[in-house]
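Q: Can you keep this structure in mind? I'll have questions shortly.
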Amino acid sequence: MVFPRVEQKPLSGNEKLHFSGEEHDVSVYDFWRWSSSDLLSNTARGVFAEFIVAQAMNIPLDKGRVEWDPFDLLSPENIKIEVKSSAYIQSWHQEKHTVITFLVPKTRAWNPDKSFYEPESRRQADVYVFALLKHVEQETIDPLNIDQWHFYVLATSKLDQRERSQHSISLNTLKTLSGGEVTYGGLREKVLEAFVIQRQTTAP
């Protein structure tokens, strides 16, 4: 028997758990609160950073996030975007601020329609967005305050052309290659600019 790819159906949050034909008094919304309230944790912060970038790029939310896509976001302009996030403040005890480094390894893309990994390792996106929760005061940090986020944007070709580590990139190097940080208000324009660079660099 063959099981085709399951198409994702976004939930409203009002759906209830059910047991033996009867609804439970707990909903999907309760699950979301239980599982995703710590936006400072690495996993939740990373997904939330993708959500912020999706908003900046005017990506509709009706499809929902797919965990195993080879890149994080697809913009209305068909720009494939990879989002990486980091923060100085974590949800655990710290003796000092986190040193900011982003992992940018090449990967083998998973093909969900045919259920196999592509043979070639490469960077799957056109543009990388590095989202940094820049606030450094634990007492006032608020991931929901987008003013506390800054972004660095790179065409993937710039990562591919680096002579140093192909696995990670430091904040100082990122600042140099990207031309500096951009706030949420300028993020979409910066991604579009990086996409132009990507097409010019990779054109046959």
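Q: Considering only the stretch 167-204, how many residues are among the hydroxyl-bearing types (Ser, Thr, Tyr), part of a helix (DSSP H, G or I) and open to solvent by 60 Å² or more (accessible area, probe 1.4 Å)?
A: Matching residues across the stretch 167-204 total 4.
Q: Can you find even one residue in the stretch 134-144 that is under 24 Å from Phe71 (Cβ atoms) and out of contact with any His (no Cβ under 8 Å at 6 or more places or on another chain)?
A: Scanning the stretch 134-144, I find at least one residue that is under 24 Å from Phe71 (Cβ atoms) and out of contact with any His (no Cβ under 8 Å at 6 or more places or on another chain), so the answer is yes.
Q: If you take the residues in the stretch 147-166 that are in contact with a Gly (Cβ under 9 Å, 6 or more places away or on another chain) and hydrophobic (A, V, I, L, M, F, W, C), which one is surrounded by the most Cβ atoms within 10 Å (Cβ to Cβ)?
A: The qualifying residue surrounded by the most Cβ atoms within 10 Å (Cβ to Cβ) is Val153.
Q: Please tell me if Ala131 is within 18 Å of Ala49 (Cβ to Cβ), outside any strand (DSSP E or B) and in contact with a helix residue (DSSP H, G or I) (Cβ under 7 Å, 6 or more places away or on another chain).
A: no
Q: State yes or no: is Arg108 open to solvent by 70 Å² or more (accessible area, probe 1.4 Å) and in a strand (DSSP E or B)?
A: Against the criterion (open to solvent by 70 Å² or more (accessible area, probe 1.4 Å) and in a strand (DSSP E or B)), Arg108 qualifies.
Q: With Lys84, Lys114, Lys63 as the choices, which residue is in contact (Cβ under 8 Å) with a residue 40 or more places away in the chain and open to solvent by 100 Å² or more (accessible area, probe 1.4 Å)?
A: When all the criteria are applied, what remains is Lys63.
The values are calculated or read from the model by the stated rules, or taken from the named source; none is laboratory data. From a predicted model like this one, the values you see are computed outputs, not experimental measurements. No Cβ is skipped: glycine too gets one built from the backbone with ideal geometry, and neighbour counts run over all protein chains shown. Remember, those area values only see protein heavy atoms, side chains included, never the ligands or the DNA or RNA. Shrake-Rupley method; radii C 1.70, N 1.55, O 1.52, S 1.80 Å.
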